[in-house]
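Visitor: Got a structure here, written out as structure tokens. Questions coming.
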Amino acid sequence: MPFLGDALYWLSCSWMTSFYAFEYVWAYIGWDLKTRIQFFENRWAYFAGFGAPLTAMTYSLSFFSNFALYSALFPLVIMLAAAAQPKDHKHPKRLRLFFISSKVADYLLRKNSGSSKKAVSDPVQHS
């Protein structure tokens, strides 16, 4: 199982890097959270590839070396995200990466607000 764990770690780091970098772009153009998540989930393969170079550079480093290199190079990744033009085509299979987190957030907000209706709309519900 070590191979599977390494592969999932690599993929999640690539997606995280991409999402964080494109978050600046999406905030600038005024996209709401639902639009951002749908765009990301429909183009999950593109975003895995976009974050892969920085993940490859920091993958085998120690924690502090990883943090230093990531911090130094991340502004460049943000600039690349601003210049990127992801293709209009979507991957044939939408990968609902945010499904569990949105359900947990809905549950916690509903529980803490005392409301019986849905607290937060599911950003991945409509496609």
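The values are calculated or read from the model by the stated rules, or taken from the named source; none is laboratory data. All of these numbers come straight from a predicted model, not from anything done at the bench. With ideal geometry, Cβ positions are generated from the backbone for all residues, glycine too; neighbour counts draw on all protein chains shown. The area values use the complete protein model at the heavy-atom level, side chains included, leaving out ligands, DNA and RNA. Shrake-Rupley method; radii C 1.70, N 1.55, O 1.52, S 1.80 Å.
Visitor: For segment 45-60, check the following and say yes or no: at least one residue is among the hydroxyl-bearing types (Ser, Thr, Tyr), open to solvent by 20 Å² or more (accessible area, probe 1.4 Å) and not in a helix (DSSP H, G or I). Steps first, answer last, please.
Guide: Taking segment 45-60 as the starting set, the residues that turn out to be among the hydroxyl-bearing types (Ser, Thr, Tyr) are 46, 55, 58-60.
From what is left, the residues that are open to solvent by 20 Å² or more (accessible area, probe 1.4 Å) are 46, 59-60.
If we keep only those that are not in a helix (DSSP H, G or I) as well, we get 59-60.
Yes: segment 45-60 contains one or more residues that are among the hydroxyl-bearing types (Ser, Thr, Tyr), open to solvent by 20 Å² or more (accessible area, probe 1.4 Å) and not in a helix (DSSP H, G or I).
Visitor: For segment 39-67, how many residues are of a type in the set (A, V, I, L, M, F, W, C) and farther than 15 Å from LEU97 by Cβ?
Guide: So the answer is 8.
Matching residues to (1) polar (S, T, N, Q); (2) closer than 18 Å to PRO92 by Cα:
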{"residue": "MET16", "(1), (2)": "no, no"}
{"residue": "GLU23", "(1), (2)": "no, no"}
{"residue": "GLY30", "(1), (2)": "no, no"}
{"residue": "GLN38", "(1), (2)": "yes, yes"}
{"residue": "PHE47", "(1), (2)": "no, yes"}
{"residue": "THR55", "(1), (2)": "yes, no"}
{"residue": "THR58", "(1), (2)": "yes, no"}
{"residue": "ASN66", "(1), (2)": "yes, no"}
{"residue": "LEU69", "(1), (2)": "no, no"}
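Visitor: Hey, could you check segment 1-34 for residues that are over 17 Å from LYS87 (Cβ atoms) and among the polar types (S, T, N, Q) and say which is most open to solvent (accessible area, probe 1.4 Å)?
Guide: Looking at the filtered set, the residue picked out is SER12.
Visitor: Run PHE63 past the list (1) hydrophobic (A, V, I, L, M, F, W, C); (2) modelled with pLDDT under 95; (3) under 17 Å from the mean Cα position of the chain (by Cα); (4) open to solvent by 60 Å² or more (accessible area, probe 1.4 Å) and report the number of the one that doesn't hold.
Guide: Condition (3) is where PHE63 drops out.
Visitor: Residue under question is PRO92, and the condition is that it be within 11 Å of THR17 (Cβ to Cβ) and either open to solvent by 40 Å² or more (accessible area, probe 1.4 Å) or in contact with a Leu (Cβ under 6 Å, 6 or more places away or on another chain) (or both); does it hold? Don't jump to the end; show me each part of the working.
Guide: Values: within 11 Å of THR17 (Cβ to Cβ): no; either open to solvent by 40 Å² or more (accessible area, probe 1.4 Å) or in contact with a Leu (Cβ under 6 Å, 6 or more places away or on another chain) (or both): yes.
In short, no.
Visitor: Criterion first (among the small types (Gly, Ala, Ser), open to solvent by 60 Å² or more (accessible area, probe 1.4 Å) and part of a helix (DSSP H, G or I)) does ALA72 satisfy it? Don't jump to the end; show me each part of the working.
Guide: Details: among the small types (Gly, Ala, Ser): yes; open to solvent by 60 Å² or more (accessible area, probe 1.4 Å): yes; part of a helix (DSSP H, G or I): yes.
Yes, satisfied.
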